[in-house]
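Notes follow the structure.
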Amino acid sequence: MDIDQCLQPNPITVTPETLLSEAIALMALEQSKDLPACILIVEVTKILGILTARDVVRLLALKVNFETTTIGTVMTCPVITLQNSLVCEQEYILSLLQQHNISFLPIVKGEQQILGILDTKSLFQAWETTPLQQRQVWNQLKHQYQQTKLLAEITRKIRMSINLDDILQTAVKEVQNLLACDRVLIVKVRFNSTAIPISEAIVPNLPSMLGYEITDPLLIGDNLAKYHQGEFLAISDLTLAGIALEIQTLLKQFEIKAKLVVPILSQTELKALLVVHQCRSPRSWQSKEIELLQQLADQIGVALSQAQLLNHLEELVLERTIELTTTNQLLEAEILERKQTEIALRENQQKLTGILDHADEAIITINEQQQIQLFNQGAEKIFGYQVHEIIGKPLDILLPDTYHQIHRQHVNQFNQSPDKAHVMTERNCNIYGRRKNGAEFPAEASIAKLQTSEGVLLTVMLKDITERQQSAAKLQASKTLLAKAEKIAKIGSWEYNPATQQLTWSEELYEILDFPQMQNLPTCAAVVARIHPEDYLMVKKALKQGHREGKAWQFTYRWILEDEQVKYLESRGEPTLDSEGKVIKVWGTVMDISDRIRAEKSVQRSEEQLRLITDALPILIAYIDNHKRYRYINRTYETWFGRPRSTLLGLHIQEVVGLDNYRHMLPYIETVLAGRPVIYENQATDEDGNCYWICGTYIPNFDSQGAVKGFFSMVDDITERKEIERLKSEFISVASHEMRTPLTSIHGVLELLCAGRLGHLTSSGQTMANIALKNSDRLVRLVNDLLDLERMTSGRDKIVKSACDSLELINQAIETLQSQAQQQQIILETQPQSFKLFAERDRIVQTLINLINNAIKFSEPNDHVWVTAQQRQTDILFTVKDQGRGIPKGKIDTIFERFQQVDASDSRDKGGTGLGLAICRQIVEQHQGKIWVESVYGQGCTFYFTIPQQ
């Protein structure tokens, strides 16, 4: 090879002090001549360093200022050189270029003489190598150049970010792209020798390691010390690396087959670890890749330090900002306080002026001759003089004649006293003033003097105390009235001051305790002797806690009179404490409650008598609280349940009557606990399975706030009565059946007779026939109602439920009665809402017809009847409301019984049988529903019934 063909004999050389901008200009000039662009930095003839285009790219990424930076601070050194004697060693030159990743090779002779510089492009053109060899070497160098360029670009991106998370994420993403690897992590080693991934870049479908606390021995343990020294760890195949089985199992979870770990250091401090994984297959890590990652790790370390420093600076700036803000706020507060102080001073001056001008007290200033010099508005109001009327006048004009001489003497003595100027002396006394109209009034006054350059000025402050004296008189009257009230209520009061040990009694207290009123109070021994011996310790303890510990008390005790009769007294006390909890005053009352105690004992006797009476009754009588537990039961419970009543007290209702009976009773219990009385009949079962009938009456018991605290229960065995009613029903059923056939025949004949089918009747005969037909209609309805009711009550008439629509049921009932309503001029109204329920359609329609028919019969022309349905949680509520005459309160509880009507004449005038509402109740109860009525007599009534939806 001819060296002259590829040697550039005159390379650019500069000194280390040359600015980068000048050096780059020289490089650009060489490139314009199509010559290799590089600069040698020399001192005399010694090569110190080199700068290539690749270095310029790196410096651009680092944002170096070319105008102020010298080339000696950024040059690459030391420089790889070649002795001219080795220029023919082609293999050696290639190894130098590949080993050091360089594109330019200076040729020197000895240690001083620079012969020129070789570049890779010229070498490939000059060497007689095959195209394949040239392409391999060129591709290798090109790849090295691209890696270097990429390193510079990654460094630039990292340096551009100031957020720590952004720096780390940018680094792992760019490394993954650069090395074409499967996973890149930045791992932080914690104090407990565990590793935490803080940033990650992975290919799709690989498990992420973020969020895991890793105990990988390859990242910690003995390797950690090597990482602190800057050493790296490269494993091409984890299965062949002689790693413990448990470590392989751990790494296998994340599909790791090859691993490269490079420490991230900053000023010899281990900041983190840069970890690269190959997961698809093993991978041989190239030295160039490791070197590149080490360079990148250095850049990440610098960036982390800068980010941490920036964060620290931001914290310092924030702290300083807070300090400055706080200082500024303090200054503003101080300025505001000063302004407020100035405002307060001005306000005080204005207030002082206002006090003089507008004070209720009279402020009067006189000179040594007692002539008035100042007269404020308060004085004008009190005395009735205007300022211009009084200034210069003698003070005597404001005093009654009898006080002139005394007041002058007092003023002269005060003026001649040895007190200095500006020292005020006051003397308070009750005097009298005189108004302009001559009226005299009591007053309270004080006087003070002030020495001025013009002489002594005396200021009198005077207050009208007419209202005060009137208030004192009222207070005395109140005390008198209180004494009378105490006498009437038999309450005495006393007050004790521990500091002065002063004790006072009211007049009534003497009377209650049977002590004569005298100047000195009774001795302690005299009082103690009157307390009943059995109550003495209790009284002593309560009074001791009140006087020493400041505890309020209330207790009852017995008091022995002189004639040895016993009074019952109630004592109450309320100590007054200071801020330190010390008793400074004790106030108490004593009330004679003998009459109340005697009344309570009388009530107890009455209760005992009542208990004896209830125990003698054959019915169950009990009191049950709002928790459904028995609190009182009569002796009959022992007979019914065969247990002592002491074992039944406190038990829940269910525990006494059994679960099945309790379920039947529960709706009525809930009703009475809601505050409404209940009367019901129910079939129960005893322990042997025998059925019996009971009639229960529940009456709620309210507390003082109107809340239900329990209820009284009275339960009677009505099995015999039910048996009688059954026999009666059977008789009615049989009689009704026997009457139906002849009634049907009679009714048919009467219809034919009234229709003229059996011949012509006279006018009176026709009238009699019509009356007979009407009465036969009523008898037929009565028999039909009796038979319906008997079938339902006997249980022979079973209901068959099906899906129904509430609106269809209402409309069917209204259509049936529409003509009757029109004849009586009644307006039927309903709502368009529709609700689903399961019931026997015909029976619900029959119930609605009965209720609507009653509403029509008892309404006046042009009245309205409203029929509605409302969906609730578990049932449908039907409502029939009218504007008729209503139902008296005394009839509401019995209106659903058989043959019950508001007025006995209704059966005759309205044509009713008295069984319609009883049939309605039977139908509703067969559906497990409820029916009731609300009415105010004279204002109409509203019937309600509920049908379960299921």
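The values are calculated or read from the model by the stated rules, or taken from the named source; none is laboratory data. Computed from a predicted model, the values in this text were never measured in an experiment. Because the Cβ atoms are built from the backbone with ideal geometry, glycine has one as well, and the counts that use them run over all protein chains shown. To get the accessible areas, we keep the full protein, side chains included, count just its heavy atoms, and leave off ligands, DNA and RNA. Shrake-Rupley method; radii C 1.70, N 1.55, O 1.52, S 1.80 Å.
Quick notes on this one:
- Note on the range 238-331: Cα-Cα pairs beyond 18 Å make up 64% of the total pair count.
- In the assembled protein chains, Glu467 presents an accessible area of approximately 140 Å² (probe radius 1.4 Å).
- J(HN,Hα) series, the range 169-186, from Karplus relation 6.51 cos²θ - 1.76 cosθ + 1.60, nearest Hz, glycine and proline x: 5, 4, 4, 5, 5, 5, 5, 4, 5, 5, 8, 6, 9, 8, 8, 10, 10, 10
- Subtracting the Cα-Cα distance of Leu577 and Leu612 from 0.36 nm times their residue separation leaves 7.4 nm of extension gain.
- Rounded if a/c under 1.5, otherwise prolate or oblate - the range 565-634, Cα gyration tensor axes: oblate
- With R₀ set to 60 Å, the beta-carbon distance separating Asn437 from Gln939 gives a calculated FRET efficiency near 0.35.
- Each of His664, His652 has its accessible area taken with a 1.4 Å probe; listed largest first, they run His664, His652.
- Summing charges over all other residues whose Cβ lies under 12 Å from the Cβ of Gly72, with Lys and Arg as +1 and Asp and Glu as -1, gives -2.
- Distance cut-off 18 Å, percentage of C-alpha pairs in the range 599-717 lying past it: 54 percent
- Across the range 373-389, rounded Karplus estimates of 3J(HN,Hα) from the backbone phi angles (6.51 cos²θ - 1.76 cosθ + 1.60, θ = phi - 60°) give 10, 9, 8, 7, 5, x, 5, 4, 5, 6, 9, x, 8, 8, 4, 5, 7 Hz, Gly and Pro being marked x.
- Around Leu273: net Lys/Arg minus Asp/Glu count, Cβ-Cβ under 15 Å: -1
- Under-5 Å amide H pairs with Tyr632, H placed in peptide plane, nonlocal only: Tyr623
- Rounded to the nearest 10 Å², the accessible area of Ser103 at probe 1.4 Å: 50 Å²
- Ranked by how many other beta carbons lie within 10 Å on average, peptides 522-532, 808-818, 166-176, 331-341 from highest: 166-176, 808-818, 522-532, 331-341
- The largest accessible area among Leu20, Leu26 belongs to the first residue in Leu26, Leu20, and the rest follow in falling order (1.4 Å probe, all chains).
- Gyration tensor verdict on the range 48-113 (Cα atoms; rounded if a/c is under 1.5, prolate if a/b is larger than b/c, oblate otherwise): oblate
- Area accessible to solvent at Asp716, 1.4 Å probe radius, in Å²: 60 Å²
- Taking 20 °C and 1.002 mPa s as conditions, the range 360-466 diffuses translationally at an estimated 154 µm²/s according to Stokes-Einstein applied to its Kirkwood radius (Cα pairs).
- Shown is the FRET efficiency for Ala241 and Thr326, computed with R0 = 60 Å from the Cβ-Cβ distance and rounded to the nearest 0.05: 0.50.
- Working from Cα pairs under 8 Å separated by at least six residues, relative contact order for the range 798-950 is 25 percent.
- FRET efficiency, Glu111 to Asp222 (Cβ-Cβ, R0 56 Å, nearest 0.05): 0.80
- Compared with the alpha-carbon gap, the fully stretched path from Ser646 to Thr452 is longer by 60.2 nm at 0.36 nm per residue.
- Distance between the modelled labels on Ala552 and Arg676, one decimal in nanometres: 4.2 nm (7 Å Cα→Cβ projection).
- Relative contact order (%) - criterion: Cα under 8 Å, at least six apart; region: the range 207-278: 31 percent
- Whole-number percent relative contact order across the range 469-623, with pairs defined as alpha carbons under 8 Å at least 6 apart: 20 percent
- With the simple model of a label 7 Å out from the Cα in the direction of the Cβ, Leu60 to Trp587 spans 9.6 nm.
- The amide H of Gly433, built 1.01 Å from its N in the peptide plane, has Phe441, Ala443 as neighbours under 5 Å, considering only residues 5 or more places off or on other chains.
- Each principal axis of the Cα atoms in the range 144-313 has its own extent, and those three values, largest first, are 47, 39, 30 angstrom.
- A simple spin-label model places pseudo-atoms 7 Å from Cα toward Cβ; at Asp595 and Ala25 they are separated by 12.4 nm.
- Straightening the chain between Asn811 and Phe838 buys 8.0 nm, computed as 0.36 nm per residue apart minus the Cα-Cα spacing.
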